[in-house]
Number of protein chains: 2
Amino acid sequence: MAKAKKNAISPTREEDYPEWYQQVIKASDLAETSPVRGCMVIKPWGWGIWENMQRVLDGMFKDTGHENAYFPLFIPISFLEKEAEHVEGFAKECAVVTHHRLKPGPDGGLVPDEASRLEEPLIVRPTSETIIGAMYAQWIQSYRDLPILINQWANVVRWEMRTRLFLRTTEFLWQEGHTAHATEEEAREETSQMLDVYADFAENWMAMPVIKGEKTAGERFPGAISTLTIEAMMQDRKALQAGTSHFLGQNFSRAQDIKFQDQNGVEVYAWTTSWGVSTRLVGALVMTHGDDDGLVLPPKLAPKHIVVLPIYRSDDERAQVLSYCESLMNELNDQQFSGGRIRAWIDDRDIRGGEKNWQHIKRGVPLRAEVGPRDIAKNGVFLARRDTGERRGVDRNEFVTTAGSLLDEMQQGLYQRALELREANTIKIDSLEEFKEYFTPKDRENPEIHGGFASCHWSEDPAVDELLKDLKVTIRCVPLDAEEESGTCIVTGKPSTCRAIFGKSY
Amino acid sequence: MAKAKKNAISPTREEDYPEWYQQVIKASDLAETSPVRGCMVIKPWGWGIWENMQRVLDGMFKDTGHENAYFPLFIPISFLEKEAEHVEGFAKECAVVTHHRLKPGPDGGLVPDEASRLEEPLIVRPTSETIIGAMYAQWIQSYRDLPILINQWANVVRWEMRTRLFLRTTEFLWQEGHTAHATEEEAREETSQMLDVYADFAENWMAMPVIKGEKTAGERFPGAISTLTIEAMMQDRKALQAGTSHFLGQNFSRAQDIKFQDQNGVEVYAWTTSWGVSTRLVGALVMTHGDDDGLVLPPKLAPKHIVVLPIYRSDDERAQVLSYCESLMNELNDQQFSGGRIRAWIDDRDIRGGEKNWQHIKRGVPLRAEVGPRDIAKNGVFLARRDTGERRGVDRNEFVTTAGSLLDEMQQGLYQRALELREANTIKIDSLEEFKEYFTPKDRENPEIHGGFASCHWSEDPAVDELLKDLKVTIRCVPLDAEEESGTCIVTGKPSTCRAIFGKSY
């Protein structure tokens, strides 16, 4: 198995993980910062990944009975005020629209026209519970109107002071599901069903193992009764919250008067849920699979699967090689993979072969198939795998017929590799001393790569919060499959009935 | 051919066209107004139409070599200022973001926190030429970087004082293509290629005939050298501009410094284009095909094609009828239509049959297939067409095997009907008197339905502008296929070499 002699990305993950992340995004042409503070530009290759994510998730939402709709970008301040915790959570970081016209200013430039000042300022939606709830209150009269199962694909804005491409940006793209139900049981089932959908997507499409769990009180969505989450481990062993599903109880329906006549003619409040994942998942993909040569894409979400690279020296060779490449591409594109067709294309751009090859490595194209006169003579192609770096000559027909299963194998392999990393870096800890040591960086040169996940007994107590704050650690979740086990909180010594997952996080 | 005895929509088109439009939107559950001024809520059935439009257009854009990307929602004021005509066009109707935090106000509610006032206000994009251009200026160095062919699906905001669902709303959804080219010729080709894509979509998917033409100077996009348009006639004989494609020349590249080294090493400005269609097309669909019973959907864009309506009186009947309906639905869903499968579903909701039937009529479902015990005895279904109102018993197997071609026939029929309406209401006019009479409503009771399109000789002259303003008529376009024909302007008598299309418009 050949290995690349040098690395395309500098620094490497070991050297400086956060900077490696930025460099991979740049080298793989996924996105870049824009002149608008905190907002990013998602470039075509990054958009292609998000587009695939959207397509798959949208199908999953529809298969579970949801429909799409669209609600306004703006939310009147008075709507935000209705749910006390909710306003607390979002008022501090929102874009406020105060005027609807510009006019020439005293210095020649444009300024907001005071005559156009809005009576009630609007905020750009940071999430849509309040505006969607206002509509649901109109739509829901009787138990016959329930459940309402709606999803929205939208942009949202949360004013962030420290931003990072995909992981934390002022504007981001997401989907937000908002459902209303006649009973608590049904709403709770919806909440956990959608968490299962997210976990299925993360594991089977992103090849990213996740822990399904419930957030503790301090980490809940503002206004929720219960927040379920999927948590993934990145290669620096930090946790990334990849998707959340909230059981909102009757909090929002009380605040917004979403009520209905039940089967007995009694007026009662509806039970609501909301759930979302965002473009943050693209960042998770980078950090789960990327290596020191750039992006590594799980084939199922790669915008393209196979790049065919023609190699020739003369016009005569060119004609022969391109014709071979075209029929190869067409045959590949007829093959099945992941419920659709393989997506192969020919890169015949007039740039140096080495540079071209490295572009595709950095962008994480799963397979590269080089074709030169010598390969043609053997009816072969020279195949390179992005995941393992393996390069070898293969028979053309064998390649075509096995390409789909090879991509499947790569998808599985990436999942396994990520799972092994998480398992190798998750331990049970039962003493405070060990806990502190685990989360204290050993290497002052590289404070970013630390212990990993710790599974510990705990209790709700200010002393716990304080310790975690000091160590910059958070409780990621109480796993849904946590076994009942009596123990004592590692900080307070209070009795505990199950372990939670602790980690540093994004 | 049976006809509905009464109409589901009141008023009818003849009685009050604008009100009929609002009532159809409501009755068909496409959208409604929201509590946020000028912003609409697109409901699942309306979103399903837009989703189909997006899917088809997106495929067409990709087939013509475009990729999707995403640019920021916000635009700094200084960007807008760069192109003089552009700022003139958009500064008067934009949402201005001035703060990034709320705080409790003196009266208990929330107010913008003065400490969070932005140094430079941002506007919510009304269109993205300036922010995308700023990125292109960074991305384009050499002729090798060209062309750039990018499309974005996004929401945009133009502060409208008088709004109408889909046709004119403060926030709307659209796609905006933005391309940069090395030569004027290539950019002009792109501009007309995309107009052809729009015309193809309008005619072959929306079943809406359009006139391809060029806008006159006064009607151009702010900052464009040339604006191409597709213009459709609605059933009230008014024109609706359904899509535009702009050749921007070097206006924006000069304003934003989008320049590159050409093949001779000389630094030159790029040539840019932009083109867009929006959720306005959903309004166009309603007004082109709707009738006095509600929406009529061209099958190719209908979220669903066939509703199967089970009819039974007892539990015994129910089991038999539902089983028949399910196998019927499955067989229909295996049939091909419009490059995919037929979309049939069973509506077994527990509401009165008449009410249910009218819901589907109002929502424009192309075909309704009623199935009761008597139909089953004959191995048949009772079929109703939305377009013609025809209802008849048909053999089940014949129905299944011909459903795809029946939908095709309906699609064609809708196009023909719309084309005939336009042809019957387009005339050549060569005298000012006739022109005035044509555009003056005869019926004071119903001023909305007037002449139609007029094809006239014209000249660029203030006298023409004044007449048009008086009559509330605009020059829709100079058709691209207009024959050279010498004539004289109907207002000024100046010589003219071709006719333009005049009409009232949305």
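Read the figures in this text as sums done on the coordinates, not as results from a lab. None of these values were measured; they are calculated from a predicted model. Note: ideal-geometry Cβ built from the backbone for every residue, glycine included; neighbour counts use all protein chains shown.
Give, as a single signed number, the net charge of other residues whose beta carbon lies under 14 Å from the beta carbon of residue B:218, with Lys and Arg counted +1 and Asp and Glu -1. Display every interim value, and only then the final one.
Numbers: positive: B:215, B:220, B:469, B:476; negative: B:85, B:88, B:214, B:219, B:460, B:461, B:465, B:466.
In short, -4.
Go through the range A:239-244 residue by residue and turn each phi into a ³J(HN,Hα) via Karplus (6.51, -1.76, 1.60, θ = phi - 60°); whole Hz please, and just put x for glycine and proline.
8, 10, 6, 9, x, 9
Of B:502, B:473, B:435, whose Cα points farthest to the positive end of the dipole of the range B:426-503 (charges on the beta-carbon: +1 Lys, Arg; -1 Asp, Glu; origin at the Cα centre)?
Selected residue: B:473.
Any chance you could give the angle, 0 to 90 degrees and rounded to 10, that helix A:129-139 forms with the longest Cα principal axis of chain A?
On a 0 to 90 degree scale, this one is about 70.
Would you work out the charge dipole size for the range A:302-422 about its Cα centre, treating the Cβ of every Lys and Arg as +1 and the Cβ of every Asp and Glu as -1, and quote it to the nearest 20 debye?
Details: 20 positive and 19 negative charges, 103 e Å.
Result for the range A:302-422 is approximately 500 debye, rounded to the nearest 20.
Rounded to a whole number of µm²/s, how large is the Stokes-Einstein D of the range A:186-331 at 25 °C and 0.890 mPa s, given Rh as the Kirkwood radius over C-alpha pairs?
Working: Rh = 19.0 Å.
It diffuses with D of about 129 µm²/s by this estimate.
Rounded, prolate or oblate for the range A:384-424? Axes are the square roots of the Cα gyration tensor eigenvalues, ordered a ≥ b ≥ c, and the cut-off for rounded is a/c under 1.5. Before the final figure, lay out each step's value.
Numbers: a/c = 5.22, a/b = 2.21, b/c = 2.36.
Oblate is the answer for the range A:384-424, as a/c is 1.5 or above yet b/c matches or exceeds a/b.
Out of all DSSP beta bridges with both ends in the protein assembly as shown, state the antiparallel percent to the nearest 5. Let's see the in-between values first.
Values: 153 of 183 bridges.
The antiparallel proportion sits near 85 percent.
If contacts are Cα pairs under 8 angstrom and at least 6 residues apart, what is the relative contact order of the range B:426-503 in percent? Let's see the in-between values first.
On the way: 131 pairs, mean separation 26.8, N = 78.
Relative contact order comes out at 34 percent.
With a ≥ b ≥ c the root eigenvalues of the C-alpha gyration tensor of the range B:158-209, is it rounded (a/c under 1.5), prolate (a/b larger than b/c) or oblate?
On the way: a/c = 3.61, a/b = 1.50, b/c = 2.40.
Here the range B:158-209 falls in the oblate category.
Using the basic label-point model (7 angstrom from Cα toward the beta carbon), what is the residue B:62 to residue A:62 distance in nanometres?
It works out to 1.4 nm between the two label points.
Pairs B:92/B:300; A:259/A:300; A:304/B:43; A:82/A:472; B:472/B:494: which are spaced more than 31 Å apart, C-alpha to C-alpha? List each step's numbers first, then the result.
Values: B:92/B:300 39 Å; A:259/A:300 43 Å; A:304/B:43 34 Å; A:82/A:472 33 Å; B:472/B:494 22 Å.
Check vs 31 Å cut-off fails for B:92/B:300; A:259/A:300; A:304/B:43; A:82/A:472.
Sort B:111, B:124 so the one with the fewest other Cβ atoms within 10 Å of its own Cβ comes first.
The most exposed by this proxy come first: B:111, B:124.
Over the alpha-carbon set of the protein assembly as shown, work out the extent along each principal axis and list the three values in angstrom, largest first.
96, 82, 70
Direction-averaged shadow area of the convex hull around the Cα atoms of the range B:257-370, nm²?
Values: hull surface 49.0 nm².
Taking the Cα atoms of the range B:257-370, their convex hull projects to 12.3 nm² on average.
In Å and from the alpha-carbon atoms only, list the Rg and Dmax of chain A.
When restricted to Cα atoms, chain A yields Rg and Dmax of 25.9, 84 Å.
Put a label point 7 Å from Cα along the Cβ direction on residue A:459, then list its distances to the equivalent points in the other copies in nm, shortest first.
For residue A:459, the other copies' label points sit at 9.5 nm, shortest first.
Going by how many other beta carbons lie within 10 Å of each one, how would you line up B:351, B:501, fewest first?
Values: B:351 10, B:501 21.
Going from sparsest to densest Cβ surroundings: B:351, B:501.
Let me check against my output: what whole-number percent is the relative contact order of the range A:173-249, with C-alpha pairs under 8 Å and at least 6 apart? Show your work: numbers first, answer last.
Values: 101 pairs, mean separation 21.4, N = 77.
About 28 percent, as a whole number.
Using unit Cβ charges (K, R positive; D, E negative) and no other charged atoms, how large, in debye to the nearest 20, is the dipole of the range B:426-503 about its Cα centre?
Dipole about the Cα centre, nearest 20: 140 debye.
Would you mind calculating the relative contact order of chain B from Cα pairs under 8 angstrom and at least 6 residues apart, reporting the percent as a whole number?
Details: 1020 pairs, mean separation 75.0, N = 506.
Answer for chain B is 15 percent.
Once you order the gyration tensor axes a ≥ b ≥ c over the Cα atoms, which shape class does the range A:347-464 get: rounded for a/c under 1.5, otherwise prolate or oblate by comparing a/b with b/c?
Numbers: a/c = 4.50, a/b = 2.66, b/c = 1.70.
Judged from the Cα gyration tensor, the range A:347-464 comes out prolate (a/c at least 1.5, a/b above b/c).
Pairing the Cα long axis of helix A:396-424 with the longest principal axis of chain A, what angle in degrees results, from 0 to 90 and rounded to the nearest 10?
Computed tilt is about 40 degrees.
To one decimal in nm, how far is residue A:391 from the same spot in the other copies, if labels go 7 Å from Cα toward Cβ? Please give the shortest first.
Distances to the matching label points in the other copies: 7.2 nm.
To the nearest 10 degrees, how steeply does helix A:315-333 sit against the main Cα axis of chain A, on a 0 to 90 scale?
40
Pull up the DSSP beta bridges for chain B and report the antiparallel fraction as a percent, rounded to 5. Walk me through the intermediate numbers first.
Details: 74 of 89 bridges.
Bridges in chain B are about 85 percent antiparallel.
In debye to the nearest 20, how big a dipole does the range A:292-341 give about its Cα centre with +1 on each Lys and Arg Cβ and -1 on each Asp and Glu Cβ? Could you put the intermediate results ahead of the total?
Numbers: 5 positive and 8 negative charges, 51 e Å.
For this selection, approximately 240 debye.
Could you tell me the center-to-center distance, by alpha carbons, between the range A:266-283 and the range A:387-416 in angstrom?
39
Could you let me know the centre-to-centre spacing of the range A:169-246 and the range A:43-64, using Cα atoms, in angstrom?
Using only Cα atoms to place each centre, the spacing works out to 17 Å.
Kindly provide the trypsin sites (Lys or Arg not before Pro) of the range B:268-337 that DSSP labels as loop, not H, G, I, E or B, and whose Cβ sees at most 15 other Cβ atoms within 10 Å.
Numbers: sites: B:280, B:300, B:304, B:313, B:318; in loops: B:304, B:313.
Those that pass, being in a loop and sparsely packed, are B:313.
Going 7 Å from Cα along the Cα-Cβ axis for the label, what nanometre distances separate residue A:11 from the same residue across the other copies?
7.3
Output the direction-averaged projected area (hull surface divided by four) of the convex hull of the alpha-carbon atoms of the range B:17-289, in nm².
Projected over every direction and averaged, the Cα hull of the range B:17-289 covers 16.4 nm².
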